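Structure record follows, encoded as structure tokens.
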Amino acid sequence: MRGEYFMNKNTTDITLSAYFNDIVIGYYEDEELVKQFGRQLGFDVDMDMFMAVSLQYPSDMNVKAEDREKLTKAAEAVIGLSEINRRVGGKQIITCDSGVCVILVTHDKVEMREILAHVKETALQEVEKIHADRKIRVGIGTIEGGIKGIKHTYNNAQDAVKAGEIFKKDRVILEYMGMEIYSSINQMVVNFGDRLTRTVLRQLGETEKRVLSKYYKCKEDIALTAEKLGMTEDEVKNSLTQVKINTGLDVNDTEDNFKLHFITIAKKVLENDERIRKNR
């Protein structure tokens, strides 16, 4: 998180971007001050609802100021969907590592849910207008209330994009409520993935790894897996049998199948994490 820190007892004026920035990074003197500035800006941090919308480039991209500038118009279009945000005015866009983020404010969840459909439509339309060499994704956080809720929705919007980058590569709009399980898997794998995967994967040849990965991507359909890989169905079955021989894990056993599926997901996450580290 980047930005200047404005929220202290000597502050006489504050923008919405500075307000949310300070909450997200935890840079403020006390919660009463946060509530006071919220009222000053025109909303009630305890009673109103908040939802973050984050526009981001890929994690492995070195994002520069000019790249973020390309996201400004799209971010401003999203801001314009909330009556409270429009009324507050001023600077509202906050920066994050791979792009920008805005946090919408409404009086209640019903109103925010009504806006949500327009957010998805508007963000997609605006992103499609941007001329960029890399794919831009839009993460939508949960609808939350309170100071902690603002932090949660911001983090959830970022996590939705990170998970989508690995598991839903073709999607532009990534709502956290639909990506929560992927975000959790992503975090668990980043923390424990090598320990979870190294024993099994080291026992598999490249062909078995490739077949296993495609098998789960094809929703465990042998015929479709064979078609996608340019193999015969018997060759796919033989590779899956070889997985059992080498690891003791059988795709036809419910518990073993879960383990193998999770390991293929973990492999994908770890490879993406390694790619990001190398490119930064």
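Side notes on the structure shown:
- Residue within the stretch 106-122 that is at pLDDT below 95 and polar (S, T, N, Q) present: no
- Evaluation of L104 against the conditions (1) more than 23 Å from I130 (Cα to Cα); (2) free of Cβ contacts under 8 Å to residues at least 60 places away in the same chain; (3) of a type outside the set (V, I, T) shows that the sole unmet condition is (1).
- In the stretch 151-177, the residues that are in a helix (DSSP H, G or I), under 21 Å from E126 (Cα atoms) and open to solvent by 60 Å² or more (accessible area, probe 1.4 Å): K162
- Any chance D250 is surrounded by fewer than 18 Cβ atoms within 10 Å (Cβ to Cβ), part of a loop (DSSP other than H, G, I, E, B) and not small (G, A, S): yes
- Qualifying residue in the stretch 100-112 (condition: of a type outside the set (S, T, Y), open to solvent by less than 60 Å² (accessible area, probe 1.4 Å) and more than 17 Å from T15 (Cβ to Cβ)): yes
- Residues that are of a type in the set (V, I, T) and out of contact with any Leu (no Cβ under 9 Å at 6 or more places or on another chain) were ranked within the stretch 95-119; the one that is farthest from N21 (Cα to Cα) is V110.
The values are calculated or read from the model by the stated rules, or taken from the named source; none is laboratory data. Quantities reported herein were computed from a predicted structural model and do not represent experimental measurements. Glycine gets a Cβ as well: all are built from the backbone with ideal geometry, and neighbour counts include every protein chain shown. Please note that ligands, DNA and RNA were not included when accessible areas were found on the heavy atoms of the full protein model with its side chains. Shrake-Rupley method; radii C 1.70, N 1.55, O 1.52, S 1.80 Å.
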